[in-house]
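Trainee: Here's a structure for you.
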Amino acid sequence: MKRRGLNITVLMIGVCLVSLFASSSVAFALDDFTISNITNRDKDQNAVTNIYYFQDSVWICTEGGVLKYSGGWTRYTTDQGLPGNLVTSMTMDSGGGLWFGTVDGLSRYDGSWTTYQSKDGLPSDTVYDVIEADDGTIWVGTKGGIARFDGTKWVRIGIGEEVLTPIITRIVKDPVGDLWLGTYTMGVGIVTGGMWEIIDRDDGLPANLISAIAFAPEGEVWIGTSKGLARYKNGSVKDVFTVKNELLSNEITSLVIDHEGSVWVGTWGGGVAVYDGRNWELITAADGIVDDRVTALVEDGDGTIWIGCWGGISRLTR
């Protein structure tokens, strides 16, 4: 791990929901779950980019806008106020405002819409992730680097004396409130105590392109990359998982740790792999999920696992 200074210079709605078969954990068993699939007449809304769970609602980001599920479906597109329909990410701030990252800028909705773009101070209009830090500032990861919003203005963030501005692919908050940033070329950057701590291939990651980060109990951190999955704890990489040992694809896209502690791993082309601390189980289109090109995972308040794919959505209900 390297430390660097921090320089300051961001369905068928008509929906077709079909229960396929009973099939899913403190010892994980797929038979404990029922799989149901959701597809949309609008093909762009079958291309899921991310899924979130906020205040009893599931929010699904797609190439055709955002879908909200809370017993019924609501759709948000450019018709409602988004700057673009290809939505990559979202978050809910402590005031209840919704922030949507798109490839055409960032929007906040709190009853009315406000949009921020590069002309307003963002490093790039292409936003890949957005999160609220514990101090209430909004951090945005973009194609042009990082920025944070203090409620008045955007401030760009760089790494080290060189003020590097890598493409930011993911921003997540750990249990103590530190931000972990996944990058396209530099591994993971941890913002802590006014410094960057860097974890990269030199520390044992299988690749520096980071796609997902998730925090498990007892200090474990699972890091998804373009060439495999790493388990990180106590300052070092403990294990690496690839197609050579359990996975069907090295291209990790998403991670979630469920309420029983099982690690769910979304992959591009290899479906979902689930690790219960002892064994791995694989879930693919052959088992009933809508597509093996998995892009997003979330667990809702009922323990249902939502799987976003490039061809729609699968739900695994306990």
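Laboratory data are not the source of any read-out in this text; all were calculated from the coordinates shown. This is a predicted model, so every value here is computed, not measured. Cβ placement follows ideal geometry from the backbone for every residue including glycine, while neighbour counts extend to all protein chains displayed.
Trainee: Say the cut-off is 24 Å between C-alpha atoms; which of Lys173/Lys238; Lys153/Lys173; Lys119/Lys173 go over it?
Mentor: On the way: Lys173/Lys238 21 Å; Lys153/Lys173 22 Å; Lys119/Lys173 28 Å.
With Cα atoms farther than 24 Å apart: Lys119/Lys173.
Trainee: Go through Phe215, Leu181, Trp306 and say which Cα lies farthest out towards the positive end of the charge dipole of the chain; charges sit on Cβ, +1 for Lys and Arg, -1 for Asp and Glu.
Mentor: It is Leu181.
Trainee: Using a simple charge model, +1 on the beta-carbon of Lys and Arg, -1 on the beta-carbon of Asp and Glu, nothing else, what dipole does segment 217-297 show about its Cα centre, in debye to the nearest 20? Can you show the working numbers first?
Mentor: On the way: 7 positive and 12 negative charges, 79 e Å.
It comes to approximately 380 debye.
Trainee: Highest first, please rank the peptides 51-58, 108-115 by the mean number of other Cβ atoms sitting within 10 Å of their residues. Write out the running numbers ahead of the final one.
Mentor: Numbers: 51-58: 16.4, 108-115: 13.8.
Sorting 51-58, 108-115 by mean packing, highest first, produces 51-58, 108-115.
Trainee: Going by average Cβ neighbours within 10 Å, how do the peptides 232-239, 197-204 rank, with the highest at the top? All intermediate terms of the calculation are to be shown ahead of the outcome.
Mentor: On the way: 232-239: 13.0, 197-204: 16.9.
By packing density, highest mean first, the sequence is 197-204, 232-239.
Trainee: At 0.692 mPa s and 37 °C, plugging the Kirkwood radius over alpha-carbon pairs of segment 268-318 into Stokes-Einstein gives what diffusion coefficient in µm²/s? Each step should come with its number before you reach the end.
Mentor: Working: Rh = 11.2 Å.
For the chosen part, D equals 293 µm²/s.
Trainee: So if the hydrodynamic radius of segment 58-215 is defined as the Kirkwood radius over C-alpha pairs, what does Stokes-Einstein give as its diffusion coefficient at 4 °C and 1.567 mPa s, in µm² per second? All intermediate terms of the calculation are to be shown ahead of the outcome.
Mentor: Numbers: Rh = 16.0 Å.
The diffusion coefficient I find is 81 µm²/s.
Trainee: On to the next question. For the chain, just the Cα atoms, rotate onto the principal axes and tell me the three extents in Å, largest first.
Mentor: Reported extents, whole Å, longest axis first: 55, 47, 28.
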